[in-house]
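Written out below as structure tokens is the structure these notes cover.
The values are calculated or read from the model by the stated rules, or taken from the named source; none is laboratory data. In this text, all values refer to a predicted model and were calculated from it rather than measured experimentally. With ideal geometry, Cβ positions are generated from the backbone for all residues, glycine too; neighbour counts draw on all protein chains shown.
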Amino acid sequence: MTVVEQGCRTCDCTRISKTTLRIRSVFLSTQEEGSAWVDCDVHTFKVLDGGWEIQRTFDETPCGAGNLDAFCGTIAYFEAGAVIRDLPGVPEPARELLRECVRGIIQAESYLTTERGYGSLGGYDAAFARMYANQCRFYAYPDDTSPPWSAYIGSYRRTEGLFHRRKAYVIDRQTDDCMRVSGTFCDSFHEIHMDLAFSPAGGQIQTATAQFLRSPGPPCSYCVRHAATLPGKSIATLSKRELGALLGGAEGCAHMVDIAGEMVAAAGRIVAQWP
């Protein structure tokens, strides 16, 4: 076995004052390096400040740094994606880091229910259940054995480090005709491992497996069976949207799609550069 490439993406959401959150995301790999950060209001999630820097790239994307004046005033919540897409002068690697920051803010809300105006933890549970009813298997198919979200995350109410996430992948060469990309998704609430074997010459996925190590309940673990839809597909051409559909759509897991997207993007570059 020979390791060909490895990389990781991090996200940390910290309460730096009574009124302000700071979220930082970093991507670091054999071929790339970059970071972005956002400060936002703890009550409204309105962006107060931010910046980005790209230090290394695998393609012709120029390195550089910039502020996020055009992002200030945006509510860093579900609707922020369209704003990030249209930010002037921000390269795509930095945009993806900003998307990761917003995902972290949304997850950190679990410990900001009072600041966000929810009357109780039960009220927060009910609101999220309605919001995700057609987007997440855990909410689309509630299981009587699964605890409410507020019970799952535990009784300790975090005060500073509200949320942490690490996504990592390793690509290794198994034989002349087979490579493997292994991915891990580990955050404050979930943990997933995934393996894809593929042909470096043609990009065809040969085998695919997934496993949940931590999840809110049995409906999440059900999603691993969707990995069986990937063998035979081209790892070099799969988009994240296509991955989402193959991995179950509304009956799947967004976090599983997330780590699969990181793995497929990295492996796809290897296939594109293959002799």
Residues within region 33-58 that are assigned to a strand (DSSP E or B) and under 15 Å from Thr74 (Cβ atoms), tallied: 13
Count - residues of region 203-217 that are in contact with a Ser or Thr (Cβ under 9 Å, 6 or more places away or on another chain) and either of a type in the set (Lys, Arg) or within 15 Å of Ala151 (Cβ to Cβ) (or both): 3
The one condition in (1) crowded, with 19+ Cβ neighbours inside 10 Å; (2) assigned to a loop (DSSP other than H, G, I, E, B); (3) basic (Lys, Arg) that Arg165 fails to fulfil: (2)
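Only one of Asp86, Asp125 is among the charged types (D, E, K, R), surrounded by 13 or more Cβ atoms within 10 Å (Cβ to Cβ) and more than 18 Å from Val42 (Cα to Cα). Can you tell me which?
Asp125
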Residues located in region 33-47, provided they are touching a residue at least 24 places away in the same chain (Cβ under 8 Å) and crowded, with 17+ Cβ neighbours inside 10 Å: Gly34, Ser35, Ala36, Trp37, Val38, Cys40, Val42, Phe45, Val47
Selected residue (criterion: nearest to Thr44 (Cα to Cα)) from residues of region 61-83 that are of a type in the set (Phe, Trp, Tyr) and modelled with pLDDT of 95 or more: Tyr77
Failed item, numbered, when Cys63 is tested on (1) more than 30 Å from Ile171 (Cα to Cα); (2) free of Cβ contacts under 8 Å to residues at least 12 places away in the same chain; (3) not basic (Lys, Arg): (1)
Arg180 being over 20 Å from Gly217 (Cα atoms), touching a residue at least 24 places away in the same chain (Cβ under 8 Å) and assigned to a strand (DSSP E or B): no
All positions within region 85-122 that are assigned to a loop (DSSP other than H, G, I, E, B) and of a type in the set (Val, Ile, Thr): Val90, Thr113, Thr114
